[in-house]
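Notes follow once the structure below has been shown.
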Amino acid sequence: MHTIIAKARELAKEKKTEEAVALLEEQVVGEKEGPEEILMELGIIYNGKADFTRALNYFNAVLRLNPDNGKARTYVNMINGILDYYCKDLLNP
């Protein structure tokens, strides 16, 4: 499991995020590994790409599996803060 996550992290560092996402999503669909770590890594990659909606979906999936995951909860709170800031501007121009 850790080798796939390490490979995905390396791909993401090399700006090959689509390859990293494909590698991780393949594992989620195939259920070859524990999904919590993979879902977390997908959330981190999407957060790094500023795709906050997808990142939030993955972090919430982690929290459904493990409500005590502090790292996922921190990301959710951070993204919600970002979205709240931007949505105020959209709703009240």
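List of remarks:
- Subset of the range 18-47 that is acidic (D, E) and assigned to a helix (DSSP H, G or I) - its residue that is surrounded by the most Cβ atoms within 10 Å (Cβ to Cβ): E41
- Residue list for the range 16-55, filter: among the basic types (K, R) and either touching a strand residue (DSSP E or B) at 6+ places or on another chain (Cβ under 9 Å) or modelled with pLDDT of 90 or more (or both): K16, K49, R54
- Considering N57, N69, N47, N80, the condition of being within 18 Å of A20 (Cβ to Cβ) and in contact (Cβ under 8 Å) with a residue 24 or more places away in the chain is satisfied by N47 alone.
- When we screen P93, P67 for residues that are of a type outside the set (D, E, K, R), at pLDDT below 90 and not in a helix (DSSP H, G or I), the only hit is P93.
- Residue identified as assigned to a loop (DSSP other than H, G, I, E, B) and either surrounded by fewer than 20 Cβ atoms within 10 Å (Cβ to Cβ) or touching a residue at least 24 places away in the same chain (Cβ under 8 Å) (or both) among K7, K15: K15
- Check on A50, among the small types (G, A, S) and assigned to a loop (DSSP other than H, G, I, E, B): yes
The values are calculated or read from the model by the stated rules, or taken from the named source; none is laboratory data. Just so it is clear, the structure is predicted and the values come from calculations on it, not from any experiment. For neighbour counting, all protein chains shown are included, and Cβ atoms are generated from backbone atoms with ideal geometry for every residue, glycine included.
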